[in-house]
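Coordinate-derived values only; no laboratory data. Since we're looking at a predicted model, the values are computed, not measured. FYI the Cβ positions are ideal-geometry reconstructions off the backbone, even for glycines, and counts take in every protein chain you see.
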Amino acid sequence: MLKPLNLRGFEIWKSCLDHPEQAVLLDALRPVLKAAPLFSPEIPGGGRMSVRMTSAGRCGWYSDRRGYRYAESHPSGVDWPAIPGEVLSVWDRVTGLERRPDSCLINHYGEGARMGLHQDRDEADLTWPVVSVSLGDDALFRIGNATRGGRTESVWLESGDVVVMGGPARLTYHGIDRIRFGSSTLLPGGGRINLTLRVAL
Ligand code: MD6
Ligand code: FE
């Protein structure tokens with residue numbers, strides 16, 4: 001594993017996971033996706049996100065017309081499945097922290113899906129980092145500033161890349177402009193999965 005790149009305080013670990021490790025993670029996610037299927041959250045302004053989501057852990061990120069929050073269960077009523085151990089080890093590797101995440105958001109990008117610039121600020125204690133794992137198709141990740149607007153910088157995230165957003169970068173705006181659909185063969189149907197691990201409660 002090389003040293004991470006640092007882009008505006010985001011630590012970007014290129015090729016953190018090799019192909020076999022990526023396949024192991026994906027296999028570990030299959031039962032999670034089966035128990036807690038992906039859904040398209042409604043957004044407060046109306047409409048739905050183009051990204052489909054679900055979660056693992058004690059709580060899961062959720063959005064509807066009332067706003068963003070962490071919910072105790074999947075919209076179907078089932079408990080969120082546990083975060084797979086293989087996923088927790090990635091957190092251990094890149095953070096070295098004693099504390100482990102209590103939530104893992106699973107985002108799925110099909111062709112044309114994107115995620116607008118946003119801050120991650122629904123967690124109770126914003127001193128813990130957020131760790132993100134990319135699997136599947138390449139994605140153009142845009143990093144902005146602590147407030148909306150201003151110049152931005154972009155980087156392509158590829159399958160196996162891991163990003164740590166912590167310290168002064170914890171409240172930086174960021175988003176996914178687009179994916180290169182079909183650039184990876186990791187996911188059988190194409191597309192991209194992004195995992196974000198957080199200490200949410
Ligand atoms: C994505 N990632 O890569 C969206 N958030 O699909 C995020 O929103 C994100 O990559 C917090 C920290 C790292 C991230
Ligand atoms: Fe985010």
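The table for this structure:
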| item | result |
| --- | --- |
| Extension gain (nm, one decimal) between ASP27 and GLU42, 0.36 nm per residue minus Cα-Cα | 2.6 nm |
| Environment charge of PHE181, counting only residues whose C-beta is closer than 10 Å and scoring Lys/Arg +1, Asp/Glu -1 | 0 |
| For the range 116-168: span of alpha carbons on each principal axis (Å, largest first) | 30, 25, 17 |
| Alpha-carbon spread of the chain, three principal axes, descending order, Å | 42, 39, 38 |
| Largest-first principal axis extents of the Cα set of the range 148-201 (Å) | 37, 31, 15 |
| Of every Cα-Cα pair in the range 57-97, the percent that sits beyond 13 Å | 62 percent |
| Gap separating the Cα centres of the range 131-145 and the range 66-113, nearest whole Å | 16 Å |
| Cα centre as origin, Lys/Arg/Asp/Glu Cβ charges: the range 85-201 dipole, Debye | 320 debye |
| Distance in nm between pseudo-label sites at ARG65 and LEU7 (7 Å out along the Cβ direction from Cα) | 3.7 nm |
| Projected-area mean, the range 80-190, by convex hull of Cα positions, square nanometres | 7.7 nm² |
| Under 14 Å from the SER50 label point (7 Å along Cα→beta-carbon), backbone N, the range 125-155 | 139-142 |
| log10 of Debye I(q)/I(0), alpha-carbon scatterers only, for the range 1-89 at 0.10, 0.14, 0.20 Å⁻¹ | -0.36, -0.67, -1.01 |
| Gaussian network model of the chain, Cα within-10 Å springs - most flexible of PRO81, PRO41, PRO188 | PRO188 |
